[in-house]
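Remarks on the structure that follows.
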Amino acid sequence: MIDLAVRLARRIERVIRFLVVGSFVVTFFTLSTLALIWWVFPHDPTLAAAVASILTTPVSFLVHRHITYVDVAAHSSQWQRFAVLAVANFVLSTGAMKLVDSAGATYWIGLALVWVLSPIMNYLISALWVFRARTLLRLDRDGVVAVGEAAKPKLDV
């Protein structure tokens with residue numbers, strides 16, 4: 001029962017870290033998009049969102065890896081998986097902005113769509129795939145705590 005409570009507390013703590021870090025990332029994306037719309041691409045909010053998405057990707061990976069998922073062991077495949085997530089974010093942010101721009105609506109609606117949809121998509125994909133734990137904490141026969149790849153049956157020869 002205590003183990004369940006500890007795991008639940010860690011899960012809630014990670015969600016809180018994700019919300020704080022995600023707020024920083026979405027603010028960075030928003031400010032980048034707005035700066036690009038106001039000063040670089042005043043007639044193309046879709047291009048501004050695309051460039052902002054590219055600028056935000058390394059920032060997002062670094063802060064999520066080192067703050068949100070600090071309790072998950074680093075693995076070489078995480079940045080590759082995050083790249084797939086970055087493509088999904090790119091499609092979401094540019095697609096939302098293009099849809100809103102094509103409808104003749106203000107770019108603020110496109111940003112609002114990203115504010116709502118991106119965190120949901122990012123949390124689910126990050127938690128379930130990008131930063132999932134690659135190792136298990138388990139007890140061996142002698143009660144010694146061991147950390148290793150997913151438990152594999154031992155064959156006695």
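The values are calculated or read from the model by the stated rules, or taken from the named source; none is laboratory data. Keep in mind the model is a prediction, meaning the values are calculated, not measured. Neighbour counts are summed over all protein chains in view; Cβ atoms, including those assigned to glycine, are modelled from backbone coordinates with ideal geometry.
Could you grab me the full set of residues in region 58-69 that are of a type in the set (Ser, Thr, Tyr) and either in a helix (DSSP H, G or I) or under 17 Å from residue 88 (Cα atoms) (or both)? Listed by number, the residues that qualify are 60, 68. Within region 31-57, residues that are under 11 Å from residue 90 (Cα atoms) sit with their Cβ atoms under 6 Å from residues that are assigned to a helix (DSSP H, G or I) and aromatic (Phe, Trp, Tyr), at 6+ positions apart or across chains, in these pairs: 52/29; 53/90; 56/28; 56/29. Taking region 1-15 as the range and being of a type in the set (A, V, I, L, M, F, W, C) and surrounded by fewer than 11 Cβ atoms within 10 Å (Cβ to Cβ) as the test, the residues that pass are 1, 2, 4, 5, 6, 8, 9, 12.
Residue 79 meets the conditions (1) at pLDDT 95 or above; (2) in contact with a helix residue (DSSP H, G or I) (Cβ under 7 Å, 6 or more places away or on another chain); (3) among the aromatic types (Phe, Trp, Tyr) in every case but one. The failed one is (1). Filtering region 4-24 to residues that are modelled with pLDDT under 85 and among the aliphatic types (A, V, I, L, M) leaves 4, 5, 6, 8, 9. Tally the residues that are of a type in the set (A, V, I, L, M) and loosely packed, with under 14 Cβ neighbours inside 10 Å, restricting the search to region 89-109. Selection size over region 89-109: 3. Of all residues in region 71-81, those that are aliphatic (A, V, I, L, M) and either surrounded by 12 or more Cβ atoms within 10 Å (Cβ to Cβ) or outside any loop (DSSP other than H, G, I, E, B) (or both) total 2.
For region 82-89, check the following and say yes or no: at least one residue is touching a Phe, Trp or Tyr at 6+ places or on another chain (Cβ under 9 Å), touching a residue at least 40 places away in the same chain (Cβ under 8 Å), under 15 Å from residue 110 (Cβ atoms) and assigned to a helix (DSSP H, G or I). No - not one qualifying residue is present in region 82-89.
Restricting to region 30-57, and then to whatever is β-branched (Val, Ile, Thr) and in a helix (DSSP H, G or I), can you tell me which residue is surrounded by the fewest Cβ atoms within 10 Å (Cβ to Cβ)? My answer is 54.
Among what's in region 110-124 and is β-branched (Val, Ile, Thr) and under 14 Å from residue 25 (Cβ atoms), pick the residue that is surrounded by the fewest Cβ atoms within 10 Å (Cβ to Cβ). Of everything passing the filter in region 110-124, 120 is surrounded by the fewest Cβ atoms within 10 Å (Cβ to Cβ).
Of the residues making up region 34-76, just one is modelled with pLDDT of 95 or more, over 18 Å from residue 123 (Cα atoms) and either of a type in the set (Ser, Thr, Tyr) or in contact with a strand residue (DSSP E or B) (Cβ under 9 Å, 6 or more places away or on another chain) (or both), namely 46.
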